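A short worksheet on the structure shown next.
The values are calculated or read from the model by the stated rules, or taken from the named source; none is laboratory data. Being a predicted model, the structure only gives us computed values, none of them experimental. Using ideal geometry, Cβ is built from the backbone for each residue, glycine included, and neighbour counts are taken over all protein chains shown. When the accessible area is computed, the model is the full protein with side chains, heavy atoms only, and any ligands, DNA or RNA have been set aside. Shrake-Rupley method; radii C 1.70, N 1.55, O 1.52, S 1.80 Å.
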Amino acid sequence: MEAWQKFGSFISRNMIVIVPLCLVAGIFFPAFFQRFAPYVSPMFAVITFQGSLSNDFGNLKRTFSHPLPMILAILISQLLMPVLGWAMGHLFFTDTDLICGIVLEYTVPIAVTSTMWVSLYEGNMSLTLGTLLISTCMAPFTIPATLQLLMGATVEVDAAGMILDMLFMIAIPALLGTALNDRTKGRAKQQISPVLAPLARILTILVITTNSTSLSTFIFNLTPELAGVLVLIGFLASSGYVWGFLAARLMHLKRADAVGMTFLCAMKNISAGAIIAQEYFPAITLFPVMTGTLFNQFFAALFGKLFGRTFRSMQAEEARQALVEKRAQDS
């Protein structure tokens, strides 16, 4: 069991290297990995369930008691970013399917892997898990609604089918995992989650690799327009960290909340977007969505390092203020 868990930890620590390798494998060997396509949705449900085992309904209560950071993170992630993607997509491109893919990329819920980065930088996990659960449970309704609102009649959106898929792939597994951990008073997080975690990491690799097979044709026939999409997605992906960090600073949030905001506003559940793109839209729609995998983990590492010095200085200042307050109380 220890070796199994170490294997899972190895995958988590090296996602910045593994993800590009998954993309390369799917692009160069599409025929082999396409055999896993029928199992992508159930695999993703397992990933969501395992990620939600570290949550409980107490997180929601604590988050809702101070809801402003959560509300702002959701507004930036689920409203500002899709609108920004839609505006810039129309500015640079004319293909509505490509623009739809750009919008879809930033309409999907917050990535479960955001918890890994927030934990690494000792951020507010209550804020992170609560916001993640709300974002996930909203997704079956916000994704079709946002696409319909921004894209209108230019794309056909099977809202009912999309809602059902998102319910079974994300919302229901997330609620089941949260309820199980809550019911067992945290034992699920301590006992079940570590056992399932390596499996979830393996399934994540399979989902990313399988979804990337649809990129194969586009990569081997890369046009200036598709290259432009790569650049735009890279810009949008990096901007999410900046929006989250600036919002936290403007609200004068404490360091732990600022860390949570930084990653929550930027990281997207790209695998969910890829599944939706494959199921409901033309093949080219998948290209903008899957290019997000090129940047998601890499930018998380990059901006964590860039903002790390600020986070450390905030922590030192908060410790100093706490010491001053303690001395004032003692005197």
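Summed over the range 57-92, residues that are part of a helix (DSSP H, G or I), in contact with a helix residue (DSSP H, G or I) (Cβ under 9 Å, 6 or more places away or on another chain) and farther than 26 Å from Gln148 by Cα total 9. Flag: Leu84 matches the condition of being aliphatic (A, V, I, L, M), within 27 Å of Pro282 (Cα to Cα) and over 16 Å from the mean Cα position of the chain (by Cα).
Among residues belonging to the range 110-125 that are among the β-branched types (Val, Ile, Thr) and open to solvent by less than 10 Å² (accessible area, probe 1.4 Å), point out the one that is modelled with the lowest pLDDT. Out of the qualifying residues, it is Val118.
Can we say Ser54 is surrounded by 15 or more Cβ atoms within 10 Å (Cβ to Cβ), not aliphatic (A, V, I, L, M) and not in a helix (DSSP H, G or I)? For Ser54, the condition - surrounded by 15 or more Cβ atoms within 10 Å (Cβ to Cβ), not aliphatic (A, V, I, L, M) and not in a helix (DSSP H, G or I) - is met.
For the range 215-238, indicate whether the set of residues that are open to solvent by 10 Å² or more (accessible area, probe 1.4 Å), within 17 Å of the chain's Cα centre (by Cα) and closer than 19 Å to Phe44 by Cβ is non-empty. For the range 215-238, residues open to solvent by 10 Å² or more (accessible area, probe 1.4 Å), within 17 Å of the chain's Cα centre (by Cα) and closer than 19 Å to Phe44 by Cβ: absent. Of note, Ile18 does not satisfy the criterion of being among the β-branched types (Val, Ile, Thr), part of a helix (DSSP H, G or I) and under 30 Å from Ala248 (Cα atoms). Among the residues that make up the range 251-269, is at least one of them under 16 Å from Tyr106 (Cα atoms), open to solvent by 10 Å² or more (accessible area, probe 1.4 Å) and either part of a helix (DSSP H, G or I) or polar (S, T, N, Q) (or both)? Yes, the range 251-269 contains at least one residue that is under 16 Å from Tyr106 (Cα atoms), open to solvent by 10 Å² or more (accessible area, probe 1.4 Å) and either part of a helix (DSSP H, G or I) or polar (S, T, N, Q) (or both).
Across the range 93-109, the number of residues qualifying as assigned to a helix (DSSP H, G or I) and either aliphatic (A, V, I, L, M) or surrounded by fewer than 22 Cβ atoms within 10 Å (Cβ to Cβ) (or both) comes to 7.
Only one of the numbered conditions (1) modelled with pLDDT under 85; (2) closer than 28 Å to Phe93 by Cβ is violated by Val231, and that is (1). Against the list (1) within 17 Å of Phe303 (Cα to Cα); (2) outside any loop (DSSP other than H, G, I, E, B), the condition Glu122 fails is (2). When each of Met138, Met151, Met116, Met169 is tested for being closer than 20 Å to Phe298 by Cα and part of a helix (DSSP H, G or I), the lone residue that passes is Met116. Of Ile102, Ile47, Ile110, all but one fail to be under 15 Å from Gly260 (Cβ atoms) and of a type in the set (Val, Ile, Thr); the exception is Ile110.
Test of understanding: among Leu323, Leu286, which residue is open to solvent by 60 Å² or more (accessible area, probe 1.4 Å), in a helix (DSSP H, G or I) and of a type outside the set (Phe, Trp, Tyr)? Only one candidate qualifies: Leu323. For the range 162-169, the condition of being of a type in the set (Val, Ile, Thr), modelled with pLDDT under 80 and closer than 20 Å to Ile102 by Cα holds for at least one residue.
When Ala145, Ala153, Ala159 are screened for being modelled with pLDDT of 80 or more and of a type in the set (Gly, Ala, Ser), only Ala145 passes. Among the numbered conditions (1) open to solvent by 40 Å² or more (accessible area, probe 1.4 Å); (2) modelled with pLDDT of 90 or more, the only one that Phe64 does not meet is (2).
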